[in-house]
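Remarks on the structure that follows.
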Amino acid sequence: MLDRSPVRTHGGTARALRDTVAFAGDVERLGYHRFWVSEHHSVPGVAGSAPTVLAAAVASATSRIRVGTGGVMLPNHRPLVVAEQFGVLEALYPGRIDMGLGRSVGFTAGVRDALGHGKEAADDFGAQVRELLGFFSGERPGVHAYPAEGLRVPPFLLATGSGADLAAELGLPLVIAPVRGERALAEAVTRYRDGFRPSGWAREPYVVVSSAIAVADSAADARRLLVSEAWATVYSRSHGVFPPLSPPAEVLALPMTDRERRRLEETLDGQISGTPAEVGDRLGALIDAAGADEVLVTTAAYDQSARLDSLVRLADLHALV
């Protein structure tokens, strides 16, 4: 499960973060394997801006589930500091920490300026990942990333752009979503598997496919669960701001342009929703297309009780409970 700590209208950022920690406990009780948090800056609709700090809170509130990031945007940080942060997490919660890494930079020029990194910082992602991993293995002469040095925190590479090729080159597990369609997804995964070089981090390719998923009694109810976040995504493309989540009924009553309504429907069509049988069929097809070893669920619904019910159904569908 990936939780971006979405802000809901009239809820506020502090409540969103507390909700994430509480939600992690629910997800653990359902038998899920991982719970990841994300990194976003200056986004009104997302409270998760410091993923390693939030991961520490989640790990302290749970006891079994693996906790990690999906991910830390490495171009925004110095690899030494990131290594130290994950070293502290692994030292405090041994055997439970995952290190998901992405290459995105700030969403706007103002955010990038505040972070001290321009768009070009993403061009050095490969070198940054190598430097980060080197701190865990103690390969940097004269510099020791205590307490990370010597620890094994599993790294996962989030595929954007050429991310699948970099994951293959470095021998790292891959996290990928069908944002350009299942055909492009399958092609990227094939390149990854064909080019994979075994490493000290992974001896074989490992693919995590990511998708928003909603399960309900009816296809209409399940689709409605995804409306709030889908609309926030559509709105961000035309306004440059990802807003807090609004109730689905309010979203569907908004005066939208034809282009916005079309984009909303396209976004929803690209996600997985339906009855248990329908979701089982679509999810199975996606797993087959990606050759996936694992599924990362990214659902963010306005109604949190409905979202939890969806995860209960999904867990039951895959015999996790």
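Take the Cα of ALA61, step 7 Å toward its Cβ, do the same at VAL111, and the gap between the two points is 2.3 nm. If R0 equals 25 Å, the separation of the Cβ atoms of HIS239 and ARG18 corresponds to a calculated FRET efficiency of about 0.35. Against the criterion of solvent-accessible heavy-atom surface with a 1.4 angstrom probe, TRP201, TRP231, TRP36 sort, most first, into TRP201, TRP231, TRP36. Charge tally around SER228: other residues with Cβ under 13 Å, Lys/Arg +1 each, Asp/Glu -1 each, net +2. Surface composition of the stretch 1-75: carbon and sulfur atoms hold 55% of the protein heavy-atom accessible area at a 1.4 Å probe. Note on the stretch 178-269: with neighbouring protein chains present and a 1.4 Å probe, carbon and sulfur make up 50 percent of its accessible heavy-atom surface. Per residue, the accessible area of the chain comes to 44 Å² when a 1.4 Å probe rolls over the protein heavy atoms. Extending 7 Å from Cα along the Cβ direction at HIS318 and again at ASP288 yields two label points whose distance is 1.8 nm. Around the amide H of LEU245, modelled in the peptide plane, lie the amide H atoms of VAL7, ARG8, THR9, all under 5 Å away and 5 or more residues distant in sequence or on another chain.
Counted over the chain, the DSSP beta bridges are approximately 5% antiparallel. Here the spin labels are modelled as points 7 Å beyond Cα on the Cα-Cβ line, and at ALA253 and SER137 they lie 5.8 nm apart.
The values are calculated or read from the model by the stated rules, or taken from the named source; none is laboratory data. If you're wondering where the values come from, they're calculated on a predicted model, not measured in any experiment. So basically every Cβ, Gly included, is an ideal-geometry build from the backbone, and we count neighbours across all protein chains shown. Note: accessible area is taken over every heavy atom of the protein model, side chains too, but ligands, DNA and RNA are not part of it. Shrake-Rupley method; radii C 1.70, N 1.55, O 1.52, S 1.80 Å.
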